[in-house]
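Trainee: Here's a structure for you.
The values are calculated or read from the model by the stated rules, or taken from the named source; none is laboratory data. None of these values were measured; they are calculated from a predicted model. Glycine gets a Cβ as well: all are built from the backbone with ideal geometry, and neighbour counts include every protein chain shown.
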Amino acid sequence: MINAASKKVRHGIFWTVLCSITASAAVYAAPDDPAVDEGVAKPTKDLMSGVMGSVLPPPTDPDALPEKDSKGAQLVKTYCTQCHELPGPGLHTADEWPSVVGRMFNRIDRFSKSEREVLNEVRVPESGELTAIIDYLSRFGYKPIDLANYPDIDTDIGKAFRHVCAQCHALPDPSLHDADQWRNVVLRMRENMRLLGVPDPGDDALAKAMSFLQSHAASGR
């Protein structure tokens, strides 16, 4: 989980970033086969980890990606893992992903030639690939809660839910998962908090937050 601003991204800003990246793709185009050699990517990951530390996203199991064999999922695995671990679409909302992806690839675009050599010639996706990455991540980004639909948000368990989850991201809609799935999600988020250096909320707060989520969870799937 990453503490990203939850402001909605304006359409014009996204396309300005996309156009600037597309222009650079002609110079730093990806090869016909976009597969990334792990031997090449690892030094870059190590360098980025040393520079960015806990700001980088925690790893996601590739098999846990939604539609893991789709073009979008394959492109995310190919390009995003050049610099850091595989991010899951649930790290951000659909509104946040265009800005996040644009910021990542705009940084790559700004590297000078000497910096690129240090970073093992990190590859920039072509414009169509970049659009596919954004479409995929946005389509499976998590859905924020509409507080008006939850009158018990100011109860003890509702306040715990807001306190725990808002430390890292916009509040998720409880209907995203069923009760059993929320148990696993909350446990995974706790581990992510540890990896990112976010203070642990404690067992009591986590139990109350989980209680709120499960009380409004989707029916079993």
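Trainee: Quick one: count up the residues across the range 77-105 that are β-branched (Val, Ile, Thr) and in contact (Cβ under 8 Å) with a residue 60 or more places away in the chain. Working first, answer last.
Mentor: Taking the range 77-105 first, the residues β-branched (Val, Ile, Thr) are 78, 81, 93, 100-101.
Keeping just the survivors that are in contact (Cβ under 8 Å) with a residue 60 or more places away in the chain gives 93, 100.
Residues flagged as β-branched (Val, Ile, Thr) and in contact (Cβ under 8 Å) with a residue 60 or more places away in the chain within the range 77-105 amount to 2.
Trainee: Name the residue that is modelled with the lowest pLDDT, counting only residues in the range 49-73 that are crowded, with 18+ Cβ neighbours inside 10 Å and out of contact with any Pro (no Cβ under 7 Å at 6 or more places or on another chain).
Mentor: Checked the range 49-73; the qualifying residue modelled with the lowest pLDDT is Leu56.
Here is a yes/no grid of residues against (1) within 20 Å of the chain's Cα centre (by Cα); (2) small (Gly, Ala, Ser); (3) farther than 30 Å from His84 by Cβ:
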site: Tyr142; (1), (2), (3): yes, no, no
site: Asp154; (1), (2), (3): no, no, yes
site: Ala160; (1), (2), (3): no, yes, yes
site: Arg194; (1), (2), (3): yes, no, no
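Trainee: For Ala166, are the conditions met, namely being within 30 Å of Gly102 (Cα to Cα) and outside the structural domain of Ser211 (by TED's automatic domain parsing)?
Mentor: no
Trainee: If you don't mind, another one. Taking the range 135-157 as the region of interest, how many residues are within 27 Å of Pro62 (Cα to Cα) and in contact (Cβ under 8 Å) with a residue 60 or more places away in the chain?
Mentor: 6
Trainee: Write out, first by first residue and then by second, each pair whose Cβ atoms fall under 7 Å of each other, whose residues are 6+ apart or on separate chains, and whose first residue, in the range 123-134, is at negative phi while the second is among the β-branched types (Val, Ile, Thr).
Mentor: Partner pairs satisfying both residue conditions: Val124/Ile21; Val124/Ile108; Pro125/Ile133; Ser127/Thr22; Leu130/Ile21; Ile133/Val76; Ile133/Val101; Ile134/Val101.
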